[in-house]
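Undergrad: Input: one structure, supplied below.
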Amino acid sequence: MVKSHNIYDHGLDVTAANFTQLSPLSFIERTAAIYPKKTAVIYNDLRRDWEETYRRCRKLASALAKRGIEKGDTVSIIAANIPEMFEAHFGVPMSGAVLNAINTRLDAEAIAFILNHAEAKVVIVDPEFSEVMERALHMAGGDRLVIDIEDPSFEGGQKVGALTYEALLAEGNEDDDWSLPANEWDAISLNYTSGTTGNPKGVVYHHRGAYLNALSNINTWDVPRHFTYLWTLPMFHCNGWCFPWSVAAHAGTSVCLRAVRDSTVYELIKSQKVTHFCGAAIVLGLLGNAPDEMKEGIEHEVKVLTGGAPPPAIVIEKMENAGFDVTHGYGLTETYGASVFCSWHSEWDDLPLSERARIKARQGVKNMALDDLMVAEPDTMVPVPSDGETVGEVFVRGNNVMKGYLKNITATDAAFRGGWFASGDLAVRHPDGYIEIKDRSKDIIISGGENISSIEVEDVLYKHPAVMLAAVVAKPDEKWGETPCAFIELRAGATTTEAEIIEFCRANMARFKAVKTVVFTTLPKTSTGKIQKFVLRDQARAMAQAEVESTSE
């Protein structure tokens, strides 16, 4: 029997009554209506509830619209994890514009590139970063509306803009209408990679992906309603792994934090009853190695989600010993932050702490928003066996994968391969399906949660008059996750020191990218003269292990 038609298509159409575009902007509208007096934001002595926060976001959207900002325009912001940064995640896209949160650790040249590449029409500036932004604006040229954030708790900085953030809000009308995007595929934010090769690439997020990944954070991490979230993870990093929108969805409280210091974090955990926070391995190392007296007095459960460079099992063990429940996540800028979680099994609870820490150091399985996760041979895209030994490349696909790279069709096409996003990361898949990152293709170093290109560092090293050959690899580090380690072959008759090389790097690039360790040696090479980086990586790992062992003796 041949079926002539689908009975479920006849007269059952998409209408305004049964279909709405997905956007995380709907979260703040709902929460402000249901829990208007619940605390939304805490920053030092400042307290704002959801009603007031929503009102301020609407005024920001209205003011931007009155200033001529339209759908598809870019609004850039460089700021610490302060309330204005949180508000921008709602107010900017509510105006139809695209939010570009800039990495606060970049130098003026990189920021200038971003402003021009993104065609930013408005730039919002935290006083802490006014000096570098002033230089960047001068280098970028062009006509932009620059807005100064005023923060009474921060001493220093300078005015670089035409008006203050509060003055801009005063131009807006909280009663002006705003609407969800006409298409959930519309861009909501633009996040730049750290420039692994050459200039950074602009990663474009869409409303649908942000909506689904924000909800997936809640589901995958078992987050309760009205949780209290501490901003130890930069909001500029993958839009804080979508947690500004997750906090709004679950009527949580954002505890803002200008700088991550162990004493401040522990004080806020205790005084504000923080239940959740995220951070790179460096944050875990900082807190795990804090004095015991600083850790005393925490009488409630605190959950931690960590990502970036895989944290050493010993770091996770120290955090668990301090009473924190650690979950390991994995993702990239291109996947809205953490999209793979080391989901826990209750039968692992009875294992020794060291064994639990080893399991938690694995990256894990796909979150609720990710459609599929594969470790495969990169050329054939044939999945590797789940034996925990065979190395392949990590491929993902799903709604929390970027739209693509802004103005870079070539890079976008190269990233999307056979219906998958190619991560460039190398991993194994264990028999239980959990993946574990083993290395990073293209020699990316992840230090303190930030990507550092070994090629970029090598380019700087080659400018030093004493350097003949240079190779930079990742050296495991308990505090930073990984740090750049340089192996240098000197020119005949030339001399220099480790301190001089490190200072040379700091003077010629963003300081966080500078090498931390220098080894003067004859570099191992293939018969064709190619430097054998795998040999150097083994040496760097051995050096790190020897340092750990000498410290523990």
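The values are calculated or read from the model by the stated rules, or taken from the named source; none is laboratory data. Note that the structure is a prediction, hence the values are computed from the model and not measured. Every residue, glycine among them, receives a Cβ derived from its backbone with ideal geometry; neighbour counts consider all protein chains shown. Ligands, DNA and RNA are stripped out before the accessible areas are found, and what is left, the full protein with its side chains, is counted by its heavy atoms. Shrake-Rupley method; radii C 1.70, N 1.55, O 1.52, S 1.80 Å.
Undergrad: Taking R261, is it under 25 Å from L25 (Cα atoms), out of contact with any helix residue (DSSP H, G or I) (no Cβ under 7 Å at 6 or more places or on another chain) and of a type in the set (D, E, K, R)?
TA: Considered against the rule, which asks whether it is under 25 Å from L25 (Cα atoms), out of contact with any helix residue (DSSP H, G or I) (no Cβ under 7 Å at 6 or more places or on another chain) and of a type in the set (D, E, K, R), R261 comes out as no.
Undergrad: Show me the helices (runs of 4 or more DSSP H) found entirely inside region 1-106 where at least 3 residues are under 30 Å from A136 (Cβ atoms).
TA: 50-66, 83-94
Undergrad: Which members of region 408-423 meet the condition of being at pLDDT below 95 and under 21 Å from S386 (Cβ atoms)?
TA: Listed by number, the residues that qualify are G418, S423.
Undergrad: Need at least 1 residues that are surrounded by fewer than 16 Cβ atoms within 10 Å (Cβ to Cβ) per element, so show me which strands (runs of 3 or more DSSP E) inside region 327-424 make the cut, counting only ones lying wholly within it.
TA: Qualifying strands (runs of 3 or more DSSP E): 370-376.
Undergrad: Taking region 131-144, which residues are closer than 28 Å to V204 by Cβ, open to solvent by 30 Å² or more (accessible area, probe 1.4 Å) and within 27 Å of the chain's Cα centre (by Cα)?
TA: Result: E134, R135, L137, M139, R144.
Undergrad: Restricting the search to region 119-128, which residues are surrounded by fewer than 21 Cβ atoms within 10 Å (Cβ to Cβ) and either under 24 Å from A210 (Cβ atoms) or touching a helix residue (DSSP H, G or I) at 6+ places or on another chain (Cβ under 9 Å) (or both)?
TA: Residues satisfying the conditions are E119, K121.
Undergrad: Taking region 445-475, which residues are open to solvent by less than 10 Å² (accessible area, probe 1.4 Å) and touching an Asp or Glu at 6+ places or on another chain (Cβ under 6 Å)?
TA: I445, S447, S454, A470, V472
Undergrad: If you scan region 233-270, which residues turn out to be open to solvent by less than 10 Å² (accessible area, probe 1.4 Å) and among the β-branched types (V, I, T)?
TA: Once the filter is applied, which keeps residues that are open to solvent by less than 10 Å² (accessible area, probe 1.4 Å) and among the β-branched types (V, I, T), region 233-270 yields V247, V255, V265, I269.
Undergrad: Just checking, does region 3-12 include any residue being touching a residue at least 60 places away in the same chain (Cβ under 8 Å) and either small (G, A, S) or open to solvent by 100 Å² or more (accessible area, probe 1.4 Å) (or both)?
TA: no
Undergrad: Scan region 131-150 and give yes if some residue there is part of a loop (DSSP other than H, G, I, E, B), more than 25 Å from L406 (Cα to Cα) and basic (K, R), otherwise no.
TA: So far as region 131-150 goes, no, none of its residues is part of a loop (DSSP other than H, G, I, E, B), more than 25 Å from L406 (Cα to Cα) and basic (K, R).
Undergrad: Right, something else. It is to be established whether one or more residues within region 269-286 are more than 16 Å from the chain's Cα centre (by Cα), over 29 Å from R225 (Cβ atoms) and in a helix (DSSP H, G or I).
TA: So far as region 269-286 goes, yes, one or more of its residues are more than 16 Å from the chain's Cα centre (by Cα), over 29 Å from R225 (Cβ atoms) and in a helix (DSSP H, G or I).
Undergrad: Sort out which residues of region 37-50 are in contact (Cβ under 8 Å) with a residue 60 or more places away in the chain, touching a strand residue (DSSP E or B) at 6+ places or on another chain (Cβ under 7 Å), open to solvent by less than 80 Å² (accessible area, probe 1.4 Å) and not polar (S, T, N, Q), and write them in order of number.
TA: Across region 37-50, the qualifying residues are A40, V41, I42, W50.
Undergrad: Let me ask you something else. Give me the pairs: first residue in region 178-191 and open to solvent by 30 Å² or more (accessible area, probe 1.4 Å), second residue assigned to a loop (DSSP other than H, G, I, E, B), beta-carbon distance under 6 Å, and six or more apart or on different chains, which are they?
TA: Once the first residue is open to solvent by 30 Å² or more (accessible area, probe 1.4 Å) and sits in region 178-191, its partners that are assigned to a loop (DSSP other than H, G, I, E, B) give L180/Q21; L180/S23.
Undergrad: For the structure I just gave you, tell me whether E128 is in contact (Cβ under 8 Å) with a residue 12 or more places away in the chain, under 24 Å from the mean Cα position of the chain (by Cα) and in a loop (DSSP other than H, G, I, E, B).
TA: no
Undergrad: Same structure, new question: So which residues in region 151-177 are farther than 29 Å from H207 by Cα and either assigned to a loop (DSSP other than H, G, I, E, B) or in contact (Cβ under 8 Å) with a residue 24 or more places away in the chain (or both)?
TA: D151, P152, S153, F154, E155, G156, G157, Q158, K159, V160, G161, A162
Undergrad: Now for a separate question. Those residues that are crowded, with 24+ Cβ neighbours inside 10 Å and touching a Ser or Thr at 6+ places or on another chain (Cβ under 7 Å), I need them from region 51-79; list them, please.
TA: Across region 51-79, the qualifying residues are A61, L64, I78.
Undergrad: Does region 286-300 contain any residue that is crowded, with 24+ Cβ neighbours inside 10 Å, closer than 21 Å to N451 by Cβ and of a type in the set (A, V, I, L, M, F, W, C)?
TA: There is no residue in region 286-300 that is crowded, with 24+ Cβ neighbours inside 10 Å, closer than 21 Å to N451 by Cβ and of a type in the set (A, V, I, L, M, F, W, C).
Undergrad: Which condition number does A88 fail, the rest of (1) surrounded by fewer than 24 Cβ atoms within 10 Å (Cβ to Cβ); (2) at negative phi being met?
TA: Going through (1) surrounded by fewer than 24 Cβ atoms within 10 Å (Cβ to Cβ); (2) at negative phi one by one, A88 breaks only (1).
Undergrad: Also: So, K403, is that one under 20 Å from N219 (Cβ atoms) and touching a strand residue (DSSP E or B) at 6+ places or on another chain (Cβ under 6 Å) or not?
TA: So K403 fails the test.
Undergrad: What are the pairs, 6+ residues apart or on separate chains, where a residue within region 291-302 that is more than 12 Å from F324 (Cα to Cα) has its Cβ under 8 Å from a residue that is open to solvent by less than 50 Å² (accessible area, probe 1.4 Å)?
TA: M294/D262; M294/Y266
Undergrad: Something else about it: Can you list residue pairs whose Cβ atoms sit under 7 Å apart, with the first residue in region 221-247 being over 22 Å from H206 (Cα atoms) and the second being at pLDDT below 95 and part of a loop (DSSP other than H, G, I, E, B)? Count only pairs 6 or more apart in sequence or on different chains.
TA: Between residues of region 221-247 that are over 22 Å from H206 (Cα atoms) and residues that are at pLDDT below 95 and part of a loop (DSSP other than H, G, I, E, B), the close pairs are T232/V260.
Undergrad: Also, I was wondering about something else. Return only the number of the condition from (1) open to solvent by 60 Å² or more (accessible area, probe 1.4 Å); (2) touching a residue at least 24 places away in the same chain (Cβ under 8 Å); (3) within 29 Å of V160 (Cβ to Cβ) that A97 does not satisfy.
TA: All conditions are met except number (1).
Undergrad: In the list E489, E478, E498, which residue meets the criterion of being surrounded by 15 or more Cβ atoms within 10 Å (Cβ to Cβ), over 20 Å from D459 (Cβ atoms) and either without any contact (Cβ under 8 Å) to a residue 12 or more places away in the chain or of a type in the set (D, E, K, R) (or both)?
TA: Exactly one of E489, E478, E498 is surrounded by 15 or more Cβ atoms within 10 Å (Cβ to Cβ), over 20 Å from D459 (Cβ atoms) and either without any contact (Cβ under 8 Å) to a residue 12 or more places away in the chain or of a type in the set (D, E, K, R) (or both), namely E478.
Undergrad: Output the strands (runs of 3 or more DSSP E) that fall wholly within region 197-262 and possess 2 or more residues being hydrophobic (A, V, I, L, M, F, W, C) and under 16 Å from the mean Cα position of the chain (by Cα), or say none.
TA: Strands (runs of 3 or more DSSP E) meeting the threshold: 202-206.
Undergrad: Give me the residue from region 501-516 that is open to solvent by less than 20 Å² (accessible area, probe 1.4 Å) and touching a Cys at 6+ places or on another chain (Cβ under 9 Å) and, out of that set, farthest from N103 (Cα to Cα).
TA: Taking the candidates together, the pick is V515.
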